[in-house]
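Bear in mind that the values in this text are calculations on the coordinates, not laboratory data. For clarity, every value in this text was computed on a predicted model and none was experimentally measured. Ideal geometry is used to build each Cβ from the backbone, glycine not excepted, and the neighbour counts take in all protein chains shown.
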Amino acid sequence: MDRPDISFEEYYEDVLRFLRGLSRDEYLAEELTQETIYRALKSIDTFRGDSDLRVWLCSIAKNLFFTHCKKQKRAAQDAAYENCGSEEKLFVQVVEDKETAFRIHKILHELREPYKEVFSLRVFGELSFKQIGELFQKSEHWACVTYHRAKGMVQERIREK
């Protein structure tokens, strides 16, 4: 089936408005609109014509937006995971002091699971996040996040006392 020449310029503003509404970010909306038009041009021969071209373009735009969101979420998680190591070394140095370690044990006794055990395994058992995750049948990332939450609870209670 021969396709007539399609000018995407007339749809640009519609797609841009759609993405602006999704993202609430002018710059991102413009970037994704350009990517949408590019992808549509590359795959115009797959457009069957069952729906309005505008609908097809907006579905491409929506998929690009959701892919972008997933990448951003993953990047934020990776950054948080990378920060685990450097902060932890400073905290472990404080724990090496026996008096402080005893105070921490008292605080840990008051914490609920899994925070108590994850913290103990990491600081006193010196297990990696991967090993802790395996023990709990969870991910390495889960172990890191749980440890950081427990560490925050411990630090808060130390400040209180």
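If we count other beta carbons within 10 Å of each Cβ, what is the order of Glu10, Glu134, Glu117, fewest first?
The fewest-first ordering by Cβ neighbours comes to Glu10, Glu134, Glu117.
Just need log10 I(q)/I(0) for the range 9-74 at q = 0.16, 0.18, 0.29 Å⁻¹, Debye formula, equal scatterers on the alpha-carbon atoms, no solvent, rounded to two decimals.
Per q value, in the given order, log10 I(q)/I(0) is -0.49, -0.61, -1.33.
Hey, rough spin-label estimate for Asp45 and Ala75, points 7 angstrom out along Cα→Cβ, what's it come to in nanometres?
3.4
Test of understanding: what is the full-extension gain from Leu135 to Asp14, defined as 0.36 nm times their sequence separation minus their Cα-Cα distance?
Contour length minus Cα-Cα distance gives 38.4 nm.
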